[in-house]
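J.: If you scroll down you'll find the structure; I have some questions about it.
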Amino acid sequence: KSYKEYTITSDGQLMLKKADSDQIETVWERYENQLPQCGYCEMGLSCRICNMGPCRIDPFGEGPQKGVCGADADIIVARNLGRMIAAGAAAHSDHGRDLVEVLADVAKGKAPGYSISDPVKLKKIAGEYEIETDGREIPAIAGDLAYAMMEDYGTRKKELTLVKRAPEKRREIWRKAGIMPRGIDRETSEMMHRTHMGVDNGWQSLLLHGMRNALSDGWGGSLIASEVSDILFGTPLPCANQVNIGVLKTDQVNIIVHGHNPVVSEMIFLACQDTDLINLAKLKGAKGINLAGLCCTGNELMARHGIPMAGNHLMTELVIATGAVEMMLVDYQCIMPSLGKTASCYHTKMISTSDKARFPGMEHREFHPENSQKMAQELVKEAVEQYENRGKVYIPVEPVQSLGGFSVEAVTGALGGTPEPLIEAIKAGKIRGAAGIVGCNNPKIKHDYGHVTLAQQLIKNDILVVVTGCAAIATAKAGLNAAEAIKYAGPGLKEICGALKIPPVLHMGSCVDNVRILILASALANALGTDISDLPIAGSAPEWYSEKAVAIATYFVASGVYTVLGPMPPITGSMNVIKLLTQGLDDITGASFAVEPDPEKAAILICRHIENKRKALGL
Ligand code: BF8
Ligand code: SF4
């Protein structure tokens, strides 16, 4: 079989060949071994929520139409989707909580190595929480903010603090629909309660609560994760970096960080700059220490420090197969449990770092705020010592240049301090609108094909593209996140991006940073005195796989952003659920979902939507 059928990337194709000759099992092989996948599960028609089951509904109407408890297809599909949203929201929000805990420890002086890198942002957000900042010491403000954020997680009775950043019109829509998020943990917990057997058996009310649960992530947990990361580690600014497997170095100690939480990767980043450790690496015959990222923690380091990026989700096994990685450190989320086995074929040391996430074949070395600095030093030293054990390495490509770090502050900065120039360009029709391309890789879609094709089509049609997560890494590898990529853009977008010296595809960060897209959209809506749903913008997740992506897509739609999914979610067992999500929601949140696995067709859907919104605005 040709490796071109699996991935459009040349490093991926070459590494798949290498993995084959090394007899390394990959995610694609395991996917093929699973085929055909269960049709009931694909349609969302199987239920194993209680022990009277498991149950399944016959989609052809011949077998059972109800589970043992009496639940029908609509209830089962809605309940399953609700639990996907809850898991996704929990993942992002619990990640946010870890940052808030570090913030609290920094305030108490109990987190050596961590500090407040952006005091301006700290004060700004403290102000949003109505915390007194005038004449007060930074640690005191940080402590109060951490405490107030922890309260947002708990059982609040009213509204999350930061929803006030959404346009007033949008908040009224949420209040009217009864989906205003109240507490971050509360909404996830309530979803688990509602989906217990014998609680909420209204498929509509389940889906509405799904919206509220997702909003508690988008305007709560993820937003807190993103903002507190900026406070602790700095707000991203545009910086150059390199991407693909070619960022690994034959003559340096290669350390990879993989996962999501900058609490770990930032400390590794600092330790990699330690002169004693660099000298030790030289003593061992290496030219230095090369730190590179994978997935979202890589995106965080890339956005803040220009650290190179080795690859996205489907590349994680193949990066190890280069034989060039001395150590890979993981925290949590999207880390395939196969990685330990892959690494056992090479000299790569695998380290798990979070008390919440263990993996077979990895050594567990837990990071806590009080020991992180020391632990990072020890581990980088061990990685350096591992260099001597390296066998043959294979790094088949040269890296690609890209630009990262487009926080909202950086985007408005590039525009000269206000969103006005962007609005003018949209009004003049030079930029037709903007679209987010976000989310994962999934072996069901040719690796990176969905992201790259969609981005190419959209910029060609003068639509500004913003990217996060694994999508951002895909477009970076394809050369689209560089200023030179304006040559692929339509004439209007080319003119504007050329004048501003920005790429037509803007890397906005990791998956929790999807909230940056919402904040930018809110700023545009506020400047126009309108709501997010009136803007000529759209979202998409062309290769999504994870429950987190379901939460993100849902809070996008609940926030008024039309969103096109690539792979079909497990909802086809209920026409009612499909109709509500693809049409009915328009009346409630002013936006809906679409599903289109072919990125060229998805581009047409997005262009059409953007043109319709322009028309409605009289543009
Ligand atoms: O949070 S895009 S595969 S790595 S879930 Fe995972 Fe998907 Fe990548 Fe980051 Ni997001
Ligand atoms: Fe079956 Fe109902 Fe139990 Fe689900 S909740 S497993 S449908 S009995």
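The values are calculated or read from the model by the stated rules, or taken from the named source; none is laboratory data. These figures come from a predicted structure and were not determined experimentally. With ideal geometry, Cβ positions are generated from the backbone for all residues, glycine too; neighbour counts draw on all protein chains shown.
J.: Quick one: count up the residues across region 526-551 that are farther than 28 Å from Leu619 by Cβ and outside any loop (DSSP other than H, G, I, E, B).
T.: So the answer is 5.
J.: Looking at Gly509, Gly529, which is the one that is of a type in the set (Gly, Ala, Ser) and touching a strand residue (DSSP E or B) at 6+ places or on another chain (Cβ under 6 Å)?
T.: Gly509
To keep it simple, each residue is scored yes or no on (1) polar (S, T, N, Q); (2) at pLDDT below 95; (3) under 19 Å from Pro262 (Cβ atoms); (4) in the same structural domain as Ala90 (by TED's automatic domain parsing).
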| site | (1), (2), (3), (4) |
| --- | --- |
| Ser115 | yes, no, yes, yes |
| Lys123 | no, no, no, yes |
| Arg136 | no, no, no, yes |
| Met149 | no, no, yes, yes |
| Thr155 | yes, yes, no, yes |
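J.: Still on this model: Go over the candidates Ile502, Ile486, Ile459 one by one and state the one that is touching a Cys at 6+ places or on another chain (Cβ under 6 Å) and β-branched (Val, Ile, Thr).
T.: Ile486
J.: Output the number of residues of region 552-570 satisfying the condition of being in a loop (DSSP other than H, G, I, E, B) and either within 16 Å of ligand 2 (Cβ to nearest atom) or under 12 Å from the mean Cα position of the chain (by Cα) (or both).
T.: Number of matching residues: 1.
J.: Of all residues being under 30 Å from Pro396 (Cβ atoms) and touching a strand residue (DSSP E or B) at 6+ places or on another chain (Cβ under 8 Å) in region 10-61, which is nearest to ligand 1 (Cβ to nearest atom)? Just the residue, please.
T.: Step by step, filter region 10-61, then rank; the result is Gly12.
J.: What are the residues in region 279-295 that are of a type in the set (A, V, I, L, M) and surrounded by fewer than 18 Cβ atoms within 10 Å (Cβ to Cβ), if any?
T.: Leu283
J.: Could you run through region 200-226 and say how many residues are closer than 17 Å to Arg304 by Cβ and in contact with a Leu (Cβ under 8 Å, 6 or more places away or on another chain)?
T.: Here the count works out to 1.
J.: Right, something else. May I ask you to list the residues in region 540-599 that are under 23 Å from Asp74 (Cβ atoms), within 16 Å of ligand 1 (Cβ to nearest atom) and of a type in the set (Val, Ile, Thr)?
T.: The answer is Val550, Thr554, Thr563.
J.: Next question. Scan region 458-473 and tell me whether some residue there is among the small types (Gly, Ala, Ser), touching a Lys or Arg at 6+ places or on another chain (Cβ under 8 Å) and away from ligand 2 (no atom under 16 Å from the Cβ).
T.: no
J.: Moving to a separate point now. I'd like to verify a number: residues in region 456-476 that are aliphatic (A, V, I, L, M) and either under 11 Å from the mean Cα position of the chain (by Cα) or within 15 Å of ligand 1 (Cβ to nearest atom) (or both), how many?
T.: Within region 456-476, residues that are aliphatic (A, V, I, L, M) and either under 11 Å from the mean Cα position of the chain (by Cα) or within 15 Å of ligand 1 (Cβ to nearest atom) (or both) number 7.
J.: Can Glu385 be described as among the acidic types (Asp, Glu), assigned to a helix (DSSP H, G or I) and not assigned by TED's automatic domain parsing to the domain that holds Lys487?
T.: Yes.
J.: A further question on this structure: Listed residues Gly298, Gly288, Gly234; which is closer than 26 Å to Val400 by Cα and within 13 Å of ligand 1 (Cβ to nearest atom)?
T.: Values: Gly288 fails: within 13 Å of ligand 1 (Cβ to nearest atom); Gly234 fails: within 13 Å of ligand 1 (Cβ to nearest atom).
Checking each option against the conditions leaves just Gly298.
J.: Being within 16 Å of ligand 2 (Cβ to nearest atom) and touching a residue at least 40 places away in the same chain (Cβ under 8 Å) is the requirement here; does Gly573 meet it? Don't jump to the end; show me each part of the working.
T.: Values: within 16 Å of ligand 2 (Cβ to nearest atom): yes; touching a residue at least 40 places away in the same chain (Cβ under 8 Å): yes.
The answer is yes for Gly573.
J.: Only one residue in Gly113, Gly109 is closer than 24 Å to Ala142 by Cα, free of Cβ contacts under 8 Å to residues at least 40 places away in the same chain and either within 16 Å of ligand 1 (Cβ to nearest atom) or not hydrophobic (A, V, I, L, M, F, W, C) (or both), so which one is that?
T.: So the residue among Gly113, Gly109 that is closer than 24 Å to Ala142 by Cα, free of Cβ contacts under 8 Å to residues at least 40 places away in the same chain and either within 16 Å of ligand 1 (Cβ to nearest atom) or not hydrophobic (A, V, I, L, M, F, W, C) (or both) is Gly109.
J.: Here is a follow-up. Tell me, which helices (runs of 4 or more DSSP H) wholly within region 1-111 include 3 or more residues that are over 27 Å from the mean Cα position of the chain (by Cα) and away from ligand 2 (no atom under 16 Å from the Cβ)?
T.: Per the criteria, 10-21.
J.: Now a separate question. Answer yes if at least one residue in region 607-614 is buried (at least 20 other Cβ atoms within 10 Å of the Cβ) and not in a helix (DSSP H, G or I), and no otherwise.
T.: Taking every residue of region 607-614 in turn, none turns out to be buried (at least 20 other Cβ atoms within 10 Å of the Cβ) and not in a helix (DSSP H, G or I).
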